[in-house]
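Report on one structure; see the data block that follows.
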Amino acid sequence: MRTSGERVRILSRLSCLRLPIVFAVLLAAGIPQGRGQEEAKARDPNLANPTQVVTVSVKGYTVAGLVTHLKDATAFKHGIALFPGHPGIMKLREENGQPRFEQRGNFLVRSRRHWLDGETLVVVVDAPSDQWATFTQQFRETPRYGADVAALLGEVARRYPVEEWTFVGTSEGSLSAFHAARMNPQLARRAILTSSLFQPTRNGPGLSWVSWDKLSSRLLWVHHESDPCRYTEYRDARRYAERSKSPLVTVRGGGPGRGDACEAFTAHGFVGVERETVLAMRSWVKTGTVPPDVAP
């Protein structure tokens, strides 16, 4: 039989053993968030700015957007709605008070901080939750998708007053931005299409058949001269700019690239010239003047 003193010593040892276990559980749950937040910021410098997930519920599904703005900015002349490339499915949600999402490497997602100033915020638009398995190009043409985008931006503007919106899409997201702007002329003052998807793919027809006269928003094309993706060739950007009677900003330089031709870290995703490309687009939004071509 153990003495009372031995029992006390055993309990003390067990308590010491439990402390690291409890701490590990708390860390996994995200409770000590200071260090985790700093590590997240180091991996994604965009998170150094205030970032929130805004979600609206619509008839059994949700539509979410990732809002980023400068600290202390509360009212905004310009709202920039960003539509990332394929698959356009971020699976955006909040866990332990922190945003969680996919497609972090997409050009528009990783460069979103370069849009920010005291009068500009950005919101990256996710696919509606009931479309996370597919999100086809055909769905993006439907009136429902236009209404989904309008509902999300209405909720964003309710929380963060926004005077006017510009819709920006990249690669397959150019389809999302075009159709959302076409169906929401009262919202989309401007549309910017970057690394645009001109040729049909397995996911749909691209921009190959759209009617440009149905878009009332002012339109700007932005394309890298060395875009290596066969569905988004620069020669098509020049042709479509002429067809739509809209200006084209040509981007040159950057790199080094990595990955497949149509992925985000090649000239298709403006690698190495992200900041310069975004600042040129922001200049057009603010001044209405077409900026010069972009080079590092």
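The values are calculated or read from the model by the stated rules, or taken from the named source; none is laboratory data. This one's a predicted model, so the numbers in the text were calculated from it and none came from an experiment. Note that each Cβ is placed from the backbone with ideal geometry, even for glycine, and that neighbours are counted across all protein chains shown. Surface accessibility is based on the protein's heavy atoms, side chains included, excluding ligands, DNA and RNA. Shrake-Rupley method; radii C 1.70, N 1.55, O 1.52, S 1.80 Å.
Rundown of residues vs (1) β-branched (Val, Ile, Thr); (2) open to solvent by less than 10 Å² (accessible area, probe 1.4 Å); (3) assigned to a loop (DSSP other than H, G, I, E, B); (4) on the phi > 0 side of the Ramachandran plot, yes/no style:
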{"residue": "243", "(1), (2), (3), (4)": "no, no, no, no"}
{"residue": "249", "(1), (2), (3), (4)": "yes, yes, no, no"}
{"residue": "256", "(1), (2), (3), (4)": "no, no, yes, no"}
{"residue": "262", "(1), (2), (3), (4)": "no, no, yes, no"}
{"residue": "291", "(1), (2), (3), (4)": "no, no, yes, no"}
{"residue": "296", "(1), (2), (3), (4)": "no, no, yes, no"}
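Only a single criterion out of (1) farther than 17 Å from residue 156 by Cα; (2) outside any loop (DSSP other than H, G, I, E, B) is not satisfied by residue 77, namely (1). Look at segment 96-112: where a residue is over 11 Å from residue 269 (Cβ atoms) and in contact (Cβ under 8 Å) with a residue 12 or more places away in the chain and a partner is open to solvent by less than 30 Å² (accessible area, probe 1.4 Å) and assigned to a helix (DSSP H, G or I), sitting 6+ places away or on another chain with Cβ atoms under 6 Å, you get 103/109; 112/46.
How many residues are outside any loop (DSSP other than H, G, I, E, B) and open to solvent by 40 Å² or more (accessible area, probe 1.4 Å) when one looks only at segment 82-110? The qualifying residues number 5. Looking at segment 160-187, I want the residues that are open to solvent by 10 Å² or more (accessible area, probe 1.4 Å) and have a partner that is basic (Lys, Arg) and assigned to a helix (DSSP H, G or I) with Cβ atoms under 9 Å, at least 6 apart or on another chain. Which pairs are those? Note: pairs meeting the criteria are 182/214. Being at positive phi and in contact with a Phe, Trp or Tyr (Cβ under 8 Å, 6 or more places away or on another chain), is that true of even one residue in segment 94-109? No, the conditions are met nowhere in segment 94-109. Can you find a residue in segment 126-145 that is closer than 14 Å to residue 67 by Cα, touching a residue at least 40 places away in the same chain (Cβ under 8 Å) and buried (at least 20 other Cβ atoms within 10 Å of the Cβ)? There is at least one residue in segment 126-145 that is closer than 14 Å to residue 67 by Cα, touching a residue at least 40 places away in the same chain (Cβ under 8 Å) and buried (at least 20 other Cβ atoms within 10 Å of the Cβ). Taking the numbered list (1) open to solvent by less than 10 Å² (accessible area, probe 1.4 Å); (2) under 25 Å from residue 78 (Cβ atoms); (3) among the hydroxyl-bearing types (Ser, Thr, Tyr) in turn, residue 232 passes all entries but (2).
Restricting attention to segment 206-219, the residues that are at pLDDT 95 or above, assigned to a loop (DSSP other than H, G, I, E, B) and open to solvent by 30 Å² or more (accessible area, probe 1.4 Å) add up to 1. Residues that are surrounded by 15 or more Cβ atoms within 10 Å (Cβ to Cβ) and either touching a Gly at 6+ places or on another chain (Cβ under 7 Å) or of a type in the set (Lys, Arg) (or both) within segment 51-81 comprise 54, 70, 73, 77, listed in sequence order.
Scanning segment 188-202 for residues that are open to solvent by 10 Å² or more (accessible area, probe 1.4 Å), among the polar types (S, T, N, Q) and assigned to a strand (DSSP E or B) yields a single hit, 201.
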